[in-house]
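Here the structure comes first, spelled out in structure tokens, and everything after it is commentary.
The values are calculated or read from the model by the stated rules, or taken from the named source; none is laboratory data. What you see is a predicted model; the values in this text were computed from it and never measured. With ideal geometry, Cβ positions are generated from the backbone for all residues, glycine too; neighbour counts draw on all protein chains shown.
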Ligand code: NAP
């Protein structure tokens, strides 16, 4: 059983008790009193805080008392003598756990004092912790053994910063291979997945903050996000894992949308944010790491910038299945682990975009004149789809060379962005990032080329109504928001993940709500 633990990190008694109330209301399962944050730290103050925490939580929540050393991430440089006095007092006051750094515990004087205090009660357990904020430990398994050998009744806690998603495997392997009470996860954005799946793998606790500004370590999610986006309460050892692979990934809408839809169909599936930095090598390493760790339960991914071609190359290298659309476009946004190590890649961007155009009433694209603005990944999907449907496409791009190359591949026209004002087309699609949050007052399209009756599609979905769409509406054009494409491509992915159609109304609601927060 994994206990959802909320650190109480305040510099005074009043703020600490306010945080305790909030943590209790937010359904924390354990409180960690980070006493190192207290400005006027004293034994008396800590005892008062423990008693107040018991009152507020009606004695229902176990308490960890921690007075972290500065070297291991503590907020103040309290001397070991005071830190030990605080922990000994916490033991006497009946705290369920105290947390002390393994490093400091190897000092025999410190060790003796804690051993004596712990031997006087069966109520308090010792968490012996090790943190590395610079990267993985040299040998995490050896460190784990040393901690266990030093004090066998301790709960070892090993936490390090994952500089890259591939660093997480040291922690995940140790967690998978051990079964005693232990706390193992990674810090940093790349390590977020280990905090979430800690519950699936049976870590003794995982931590979540009350708010971003009370997080006590990098990558700590809020309890609200952990519960409401990552379905914390539903995770168990059988939960199947999905996610979005990309870089950056912080503002990805995938987790909110897919997890809500998984919950709606009561699927024991979880969708994670996977920050995968680097290029082909790092991508291949990540997937290979998962190929030899099937027990982790990863089943499929959405794939975004910069890995849409890497995923295709990987599937080709493994002689897997590539759907014809992805093959033509030369990029995929969906990756699936099949039985017998068979992997497959799909592109749902193209279908999602064409479906959005069709839904707006343009069912037959044969000989329709179309301007595609941009020559990146999304433009590629649009150009492939539109030319296959028989449209007469001209690509406009800031870097004309890229427009030229794309036009040659799909046998269409091209021009620089400065030529846009002369364009006269039935369909105009913006595939650049211009107009995207936070630069919402920008558009790549001059007013002169927006004409009444034209269909204008902006693939940018944040905001849902861009300046381009506002201008187009005012000029009497029909408009399509990037949200429509997003929903269609996500719905097709959801179908590939679950063999079921998602509730697209729910998708739309979650997207709209999430975009308002971003
Ligand atoms: P990409 O491969 O990086 O391509 C970006 C394109 O935008 C390039 O053509 C680039 O021109 C152009 N561009 C960037 N900044 C510009 C500027 N200041 N002025 C003029 N042109 C500029 O990105 P992508 O994957 O194609 O994504 C493009 C946009 O599509 C994203 O920003 C996102 O909003 C949207 N999108 C929507 C969905 C959806 O489902 N609705 C899905 C994915 C993406 P150069 O070649 O000259 O650099």
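Residues checked against (1) buried (at least 23 other Cβ atoms within 10 Å of the Cβ); (2) at pLDDT below 95:
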| position | (1), (2) |
| --- | --- |
| 289 | no, no |
| 297 | no, no |
| 310 | yes, no |
| 314 | no, no |
| 320 | no, no |
| 330 | no, yes |
| 342 | no, no |
| 345 | yes, no |
| 371 | yes, no |
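Among the residues of the stretch 440-451, the ones that are more than 20 Å from residue 357 (Cβ to Cβ) and within 8 Å of the ligand (Cβ to nearest atom) come to 1 in all. Exactly one residue out of 330, 297, 338 is under 21 Å from the mean Cα position of the chain (by Cα) and not assigned by TED's automatic domain parsing to the domain that holds residue 410, and it is 297.
Looking only at residues that are under 22 Å from residue 400 (Cα atoms) and in contact (Cβ under 8 Å) with a residue 40 or more places away in the chain in the stretch 434-448, which one is surrounded by the fewest Cβ atoms within 10 Å (Cβ to Cβ)? Show your work before the answer.
Taking the stretch 434-448 as the starting set, the residues that turn out to be under 22 Å from residue 400 (Cα atoms) are 434-436, 442-448.
The next check asks that each one be in contact (Cβ under 8 Å) with a residue 40 or more places away in the chain; those that pass are 444-445.
Working: 444: 20, 445: 26.
For the stretch 434-448, the residue satisfying everything is 444.
The residues of the stretch 385-400 that are part of a loop (DSSP other than H, G, I, E, B) and within 34 Å of the chain's Cα centre (by Cα), listed by number, are 398, 399. Kindly check whether there is at least one residue in the stretch 349-358 that is surrounded by 18 or more Cβ atoms within 10 Å (Cβ to Cβ), out of contact with any helix residue (DSSP H, G or I) (no Cβ under 7 Å at 6 or more places or on another chain) and either in contact (Cβ under 8 Å) with a residue 24 or more places away in the chain or not in a loop (DSSP other than H, G, I, E, B) (or both). There is at least one residue in the stretch 349-358 that is surrounded by 18 or more Cβ atoms within 10 Å (Cβ to Cβ), out of contact with any helix residue (DSSP H, G or I) (no Cβ under 7 Å at 6 or more places or on another chain) and either in contact (Cβ under 8 Å) with a residue 24 or more places away in the chain or not in a loop (DSSP other than H, G, I, E, B) (or both). For the stretch 378-397, the candidate set comprises residues that are in contact with a strand residue (DSSP E or B) (Cβ under 6 Å, 6 or more places away or on another chain) and within 15 Å of residue 430 (Cα to Cα); within that set, the residue that is surrounded by the fewest Cβ atoms within 10 Å (Cβ to Cβ) is 394. Is it true that residue 118 is part of a strand (DSSP E or B) and either touching a strand residue (DSSP E or B) at 6+ places or on another chain (Cβ under 7 Å) or crowded, with 20+ Cβ neighbours inside 10 Å (or both)? In short, no.
Could you pull out the residue among 393, 383 that is modelled with pLDDT of 95 or more and within 13 Å of the ligand (Cβ to nearest atom)? Step through it out loud before you land on a result.
Values: 393 fails: within 13 Å of the ligand (Cβ to nearest atom).
Going through 393, 383 in turn, the sole match is 383.
Within the stretch 450-468, the only residue that satisfies the criterion of being touching a strand residue (DSSP E or B) at 6+ places or on another chain (Cβ under 7 Å) and either part of a helix (DSSP H, G or I) or surrounded by fewer than 18 Cβ atoms within 10 Å (Cβ to Cβ) (or both) is 468.
Within the stretch 409-436, the residues that satisfy the criterion of being within 12 Å of the ligand (Cβ to nearest atom) and in a loop (DSSP other than H, G, I, E, B) are 431, 432, 433, 434, 435, 436. Going by the conditions given, is residue 365 modelled with pLDDT of 95 or more and within 12 Å of the ligand (Cβ to nearest atom)? In short, no. Per this entry, residue 400 is counted among residues that are free of Cβ contacts under 8 Å to residues at least 40 places away in the same chain, within 11 Å of the ligand (Cβ to nearest atom) and either more than 15 Å from residue 325 (Cβ to Cβ) or in contact with a strand residue (DSSP E or B) (Cβ under 9 Å, 6 or more places away or on another chain) (or both). Residue 249 - would you say it is buried (at least 23 other Cβ atoms within 10 Å of the Cβ) and within 30 Å of residue 338 (Cβ to Cβ)? Answer is yes for this residue.
Restricting attention to the stretch 469-496, the residues being in contact (Cβ under 8 Å) with a residue 60 or more places away in the chain, surrounded by fewer than 23 Cβ atoms within 10 Å (Cβ to Cβ), away from the ligand (no atom under 13 Å from the Cβ) and assigned to a helix (DSSP H, G or I) number 1.
If the condition is being closer than 17 Å to residue 495 by Cα and within 16 Å of the ligand (Cβ to nearest atom), then the stretch 295-325 contributes 301, 302, 303, 325.
Tally time: how many residues in the stretch 398-408 are closer than 15 Å to residue 330 by Cβ and surrounded by fewer than 16 Cβ atoms within 10 Å (Cβ to Cβ)? Write out each step before concluding.
So in the stretch 398-408, the residues closer than 15 Å to residue 330 by Cβ come out as 402, 405-408.
Then drop every residue that is not surrounded by fewer than 16 Cβ atoms within 10 Å (Cβ to Cβ), which leaves 405, 408.
Looking only at that region, the number is 2.
Here residue 292 passes the criteria (1) more than 16 Å from the ligand (Cβ to nearest atom); (2) in contact with a helix residue (DSSP H, G or I) (Cβ under 9 Å, 6 or more places away or on another chain) except the one numbered (2).
If only one of 87, 4 is within 29 Å of the chain's Cα centre (by Cα), crowded, with 20+ Cβ neighbours inside 10 Å and closer than 30 Å to residue 179 by Cβ, which one is it? Write out each step before concluding.
Numbers: 87 fails: within 29 Å of the chain's Cα centre (by Cα).
Exactly one residue qualifies, and that residue is 4.
No other residue among 454, 507 is more than 10 Å from the ligand (Cβ to nearest atom), within 20 Å of residue 361 (Cα to Cα) and at pLDDT 95 or above apart from 454.
Looking only at the stretch 437-446, decide whether some residue is modelled with pLDDT under 95, outside any strand (DSSP E or B) and under 30 Å from residue 269 (Cβ atoms). Yes - at least one qualifying residue is present in the stretch 437-446.
The residue that is nearest to residue 308 (Cα to Cα), counting only those in the stretch 360-384 that are touching a residue at least 40 places away in the same chain (Cβ under 8 Å) and in a helix (DSSP H, G or I), is 377.
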